[in-house]
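Read the structure below first, then the notes.
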Amino acid sequence: VSGLTLSVSCLQPSCFGYPLSIFFIVINEFCERFSYYGMRAVLVLYFKYFLQWDDNLSTAIYHTFVALCYLTPILGALIADSWLGKFKTIVSLSIVYTIGQAVMSVSSINDLTDHNRDGSPDNVSVHIALSMIGLILIALGTGGIKPCVAAFGGDQFEDDQEKQRSRFFSIFYLSINAGSLISTIITPVLRAQECGIHSKQRCYPLAFGVPAALMAVSVVVFIVGSRMYKKIQPQGNIMIQVAKCIGFAIKNRFRHRSKEFPKREHWLDWASEKYDKRLIAQTKMVLKVLFLYIPLPMFWALFDQQGSRWTLQATTMDGDFGAFPIQPDQMQTVNPILIIVMVPVVDAVIYPLIKKCKINFTPLRRITVGMFLASLAFVAAALVQVQIDKTLPVFPTAGQSQIKIINLGTDGATVQFEPQLQNVTLTSMASTSYMTFETSRLQSLKITSGNKTTTEAFQLPGGNRHTLEIKNTATGIFSELLFDNVTSKPEEGNNLIRFINNFPDTANVTMGDTSFGMLTSLSATDYSLFSGGRKDNITVTRNSVSCSVTSKSLGFGSAYTIVINECSGNILDVTYSEDIPPNTVHMAWQIPQYFILTCAEVVFSVTGLEFSYSQAPSNMKAVLQAGWLLTVAVGNIIVLIVAGASKLSEQWAEYVLFAALLLAVCIIFAIMAYFYTYVDPNEIEAQLEEEKKEVKKDKDFYEKEAEADSRM
C-alpha cells in the first residue's frame, strides 16, 4: 500500500515546484469566500429593508447566523476525519452550500408573492421561511468545509516540501482576503440596482444570485481537479479521543471521590487506567490553552458587529465621496483593505521596532492589547453615534403636532397660532422649519398677507407633521394644510421628494424616471422615494410647453418639498424647502473605528492562532482550531444576550456598554496571562518519547532476564 501511495504522489503534476492540484484549491477558496462575504455584506440590510425587521431583530438573526457558521466546523471536522474524508466532505457540503445560496436568492424575489403588484410582498412569511432555510444550509456548508479546505491543501505536499507548503498557506490566506474584499465592493453595488418584473425594487436577487453563481463555480473547479488530488483516507478524529479521555477522567474521579483514594497530581491523571500517558499529557497542554480561550469570545462579540450595528450606523451617514457615492454596506471593505496593508507592516516594522526598544511583547500581551484596541474602537463608534444623533430630526409624540409654513406668494405673510401660541413672519417664497405644538392647545390660526386677513379653525389628530401652504391671490388668501405622512427619517440613505405646483394652471411633473402625473394649481403630490447622492432632471410640461432643470444634490436621507414657480426660456425655476435635513455626518468618520478595530484584529487574531499552534502538540492542532472557531460562535451569541438584555434606547450607550464589557474582560485576561507558563510541546513530547523508550528498554531487559531464568 505504501508503495502504491508513493507512486501516485510521484505522478502528481506540478507547476513551479508546486502540486498543480493546489491551484484548483486556491481558486475554490477564492470563489467560496467571495460567495460567503458577498452574501453576508448585504444580509443585515436585506433583513431590515426587504423583510421589514427592526434593527434589533435584524442584528439578532444576523449574529445567530454567524454563530451557526462557526459552530458547524466541528461537525465538518468529525465527518471528514471519521467518515467521508476531506475531499468527499468538501464536495458534499459545497453542494449543500450552493443550494442554500440559490434559496436565498429566490427568497429575495419580490414578485414571488406580490400578486397585487403594489411593490411589496403579499406574504412575507414565505420569504422569511425561504430565507431561514437558505441561511441554515449556508451555515452548514460554509462551516462544514471550513476546517477541511486548508488542511486538504496541506495534504497535497510531500514531507520535503515544507517551504512550498508554507507559501501555499500565505497564498491561501491572500485568496480569502481577496475574495472578501472584491465581493464586499461588488455585492452592495448589485444590491443598489433596481430590478423586478412588475415593480422596481432594490436588487437583492442579484446581490445573492452572484455569490450563488460563484459558489457553483467553486464546486465545479474543485471537482475538475479531482484526479490530481492526493486523498488521504479518514483515520479517526482526535477530538473524539480527547473528549473520551476527558469524560473518562471525570467519571473515574467521581467514582473514586472518597478520601481513601489518594489524590493525583492532575485531575486528568484519573484517565491513566484506560489511556496512555502521551495522550493525557497532550490533553493537559490543550486544556491549558483552551482555559485561556474563555475570555476571548468577548472580542468577537465586538468585532463581528462590523456587519450589523456598524453597517446600520452607516445608513444614517453621508456617503458622498465625490465622484462616486459609497453604499452603507461597502464601508465593510475598509477592514480587508487595511488587513492586506497592515499585516506586513506590523510584522516587518512595528514588531521589530518594539523588539529594538527591548520590550518583551509576548503573544499573550499582544492579545491583551488587541482586546484593549477593540474596546477603544467601540468608544470611537459611540462618539460618532453621538454626532449622528444630534443631526436626527425630532418627530411629534402622540399629543403633539408639528407644522411648517411655505409662503407661495410674492407678498410677505404673518401667521399667528391661536390662542396666542406663536407668531411667524415670512418673506415672499420662504418657508419655516417645523414648529411643535401641544395638539390640545392649538385651536386656530390667523393669516395676514398684504392687506388681507383670514382666520381658520381646525383640529389636528396629533402625532403627525403638517405643511401649511399660504398664498395671497387676487381673490383672497389661499391656505391649505397638507398631511405630510412622514414619521421617520428615510432609511438606507434614500431621499423623499414631493412637488407643489405654484403655476396658475395644471402641469405634468417628472423627476428622473418618476412621473408625478398631472398636478393642478397650488396642489401637492405625495412623497416619492429616490436613491440618495444623485442629481435628477426635473421636467414640467404645461400647455404643451416643457421646461426643465437639474436638481441640486439632495444628499442622503433627506426629504424635500420642491415648489415649481415659473418657466422662462425653457429653464424651470424651483424653490427647495427642506423637510428633513440630509445626513451630515460623513461615512469617512467611520474609518478611525475601522482602523482601530483592524489593528486589534492584526495583533489579536493572527497572534492568537500563532500562540495556540505553538502551545499545542502536533496532532492536537485540529482541537485548538475547533476551540478557536468556537470562541467566534460564542462571541456572536454574546451579542444576542447583551443586546437583548441591555434594553438601552440609545445606540451610543450600547456601544459604550460593549466597550466597557470588553475592557473588564481584557483586565481578567491580562491577569490570567500573567500566571501562564509557556511550554514547548515538542520538548515535552520528546521527553515522553524518551520515557517510553526507557520503559520499553526496561521491559525488554526484564523479558530477557525472565527468559534466561526459565532456560536455567
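Points to keep in mind about this one:
- Cα gyration tensor, the stretch 193-258 - rounded (a/c under 1.5), prolate or oblate: oblate
- The stretch 247-283-the stretch 450-479 distance, computed between alpha-carbon centres (Å): 88 Å
- Accessible-area order (highest first, 1.4 angstrom probe) of the listed residues 267, 310: 267, 310
- Listed residue (164, 370, 349) projecting farthest to the positive dipole end of the chain, Cβ model: 164
- Positive-pole candidate from 463, 561, 427, dipole of the stretch 400-580, charges at beta carbon: 427
- Amide H to amide H distances under 5 Å link residue 400 with 439, 463, where only residues 5 or more positions off or on other chains count and H is placed in the peptide plane.
- Total charge dipole magnitude, the chain, about the Cα centre, Cβ charges on Lys, Arg, Asp, Glu only, Debye to nearest 20: 1700 debye
- Selection from 136, 112, 24, by position along the positive dipole direction of the stretch 14-234 (Cβ): 24
- Three-way shape label, the stretch 400-580, alpha-carbon gyration tensor, a/c 1.5: oblate
- Distant-in-sequence amide H partners of residue 536 (H built 1.01 Å from N, under 5 Å): 551
- Alpha-carbon centroid distance for the pair the stretch 137-187 / the stretch 316-384, whole angstrom: 23 Å
- Here r is the Cβ-Cβ distance between residue 677 and residue 82 and R0 is 45 Å; the resulting FRET efficiency, rounded to 0.05, is 0.85.
- Expressed as a whole percent, the accessible area of the chain that falls on carbon and sulfur atoms is 60 (1.4 Å probe).
- Pair residue 266, residue 457: separation of 7 Å Cα→Cβ label points (nm): 9.0 nm
- The shape of the stretch 337-402 can be summarised by an equivalent ellipsoid whose semi-axes, obtained from the alpha carbon gyration tensor, come to 45, 14, 9 Å from longest to shortest.
- Taking all pairs of distinct alpha-carbon atoms in the stretch 488-554, Kirkwood radius in angstrom: 12.6 Å
- The residues of the stretch 14-234 expose, per residue, 40 Å² of accessible area to a 1.4 Å probe.
- The 3J(HN,Hα) values that the Karplus relation (6.51, -1.76, 1.60; θ = phi - 60°) gives for the stretch 199-216 are, in residue order, 9, 7, 9, 3, 8, 5, x, 6, 5, 8, x, 5, x, 5, 5, 5, 5, 5 Hz. Gly and Pro appear as x.
- Residues whose amide H falls under 5 Å from that of residue 411, counting only those 5 or more places apart or on a different chain, are 472, with hydrogens built in the peptide plane.
- Taking Cα atoms only, the orientation of helix 162-192 departs from the longest principal axis of the chain by about 20 degrees.
- Square roots of five times the Cα gyration tensor eigenvalues for the chain, Å: 66, 28, 21
- Rounded, prolate or oblate (a/c below 1.5 giving rounded, otherwise prolate when a/b exceeds b/c) for the stretch 288-360 by Cα gyration tensor: oblate
- Accessible solvent surface per residue of the stretch 400-580, calculated while the other protein chains remain in place, 1.4 angstrom probe, Å²: 44 Å²
The values are calculated or read from the model by the stated rules, or taken from the named source; none is laboratory data. What you see is a predicted model; the values in this text were computed from it and never measured. We place every Cβ from the backbone using ideal geometry, glycine too, and count neighbours over all the protein chains shown. SASA here: full protein model, heavy atoms, side chains in, ligands and nucleic acids out. Shrake-Rupley method; radii C 1.70, N 1.55, O 1.52, S 1.80 Å.
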